[in-house]
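Participant: Take this structure first; my questions come after.
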Amino acid sequence: MSLYLYDPPNRFVAGTVGQPGERTFFLQASGGGRITSVVLEKAQVSALAERVEELLEEVRVRFGDPLPEASGNGGDVDDDPLEQPIDEDFRVGTLALAWDSEASRVIIEAQEAVQEADGETEEQSEVEVFSETAPADRDVLRVHLTPSAARAFAGRAMRVVAAGRPNCPLCGRPLDPAGHICPRQNGYRPSGA
């Protein structure tokens, strides 16, 4: 299988394709004349962005390193669309995050979701992350980011997640363009909730 390594990437962003409510979420790394685009869930993008922020804060507390402030008014802000063409390299199953203290870099690893022969999913089996070689049964995207690039990535990822459908002010569920049945307004609660 392939190890898509970007150390460092020219660009690493989270983005979407499609209309709110029907969006497909991507992580996209580019550099050295190549582009790697992997598909993941909205919840994975949100969790990754939150964990990157938590990791940077932990690094600041533990090592006392001055880390960049949250982006929003600097040159690190990247609101450009995903690079074209967007060809899905794989669907992400496992995300891992680490701090390389020697290089002062955040390392993000996304591994392909795989169904094993015995029917076990990767969540049920042990997954090895940050190996020197790619696992034999899955593709891996590994990106090394400076703290400022990691903060910029997290900021954009949170904006991408928040740019979806607005939430109902009463129940907090996403409002669909076709309509919304609010359980707090009429007492109806959809099954599975």
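Participant: Within the bounds of the stretch 104-115, is there any residue that is open to solvent by 60 Å² or more (accessible area, probe 1.4 Å) and modelled with pLDDT under 90? Steps first, please.
Facilitator: First pass over the stretch 104-115, keeping only residues open to solvent by 60 Å² or more (accessible area, probe 1.4 Å): 105, 115.
Remaining after also requiring modelled with pLDDT under 90: 115.
Yes; the residues of the stretch 104-115 include at least one that is open to solvent by 60 Å² or more (accessible area, probe 1.4 Å) and modelled with pLDDT under 90.
Participant: Can you pull out every residue in the stretch 130-177 that is buried (at least 16 other Cβ atoms within 10 Å of the Cβ), farther than 23 Å from Gly18 by Cα and at pLDDT below 80?
Facilitator: Result: Ala134, Pro135.
Participant: Cβ-Cβ distance below 6 Å, separation of 6 or more or different chains: which pairs start in the stretch 37-57 with a residue that is closer than 12 Å to Arg156 by Cα and end on one that is among the hydroxyl-bearing types (Ser, Thr, Tyr)?
Facilitator: Once the first residue is closer than 12 Å to Arg156 by Cα and sits in the stretch 37-57, no partner that is among the hydroxyl-bearing types (Ser, Thr, Tyr) comes close enough.
Participant: Looking at (1) within 20 Å of His144 (Cβ to Cβ); (2) open to solvent by less than 20 Å² (accessible area, probe 1.4 Å), which is the only condition Arg62 fails?
Facilitator: So the condition that Arg62 fails would be (2).
Participant: Would you pick out the residues in the stretch 82-97 that are among the aliphatic types (A, V, I, L, M) and surrounded by fewer than 17 Cβ atoms within 10 Å (Cβ to Cβ)?
Facilitator: Quick first cut of the stretch 82-97, residues among the aliphatic types (A, V, I, L, M) only: 82, 86, 92, 95-97.
The one that is among the aliphatic types (A, V, I, L, M) and surrounded by fewer than 17 Cβ atoms within 10 Å (Cβ to Cβ): Ile86.
Participant: With open to solvent by 80 Å² or more (accessible area, probe 1.4 Å), of a type in the set (Lys, Arg) and closer than 21 Å to Pro81 by Cβ as the only criterion, which of Arg34, Arg11, Arg23, Arg51 stands out? Before you say what the answer is, go through the steps one by one.
Facilitator: Numbers: Arg11 fails: open to solvent by 80 Å² or more (accessible area, probe 1.4 Å); Arg23 fails: open to solvent by 80 Å² or more (accessible area, probe 1.4 Å); Arg51 fails: closer than 21 Å to Pro81 by Cβ.
Testing whether each residue is open to solvent by 80 Å² or more (accessible area, probe 1.4 Å), of a type in the set (Lys, Arg) and closer than 21 Å to Pro81 by Cβ leaves just Arg34.
The values are calculated or read from the model by the stated rules, or taken from the named source; none is laboratory data. Since the structure is predicted, the reported quantities are computational estimates derived from the model, not experimental observations. In this analysis, Cβ positions are derived from the backbone assuming ideal geometry, glycine residues included, and neighbour counts consider all displayed protein chains. These area figures cover heavy atoms from the full protein model, side chains too; ligands, DNA and RNA do not enter into them. Shrake-Rupley method; radii C 1.70, N 1.55, O 1.52, S 1.80 Å.
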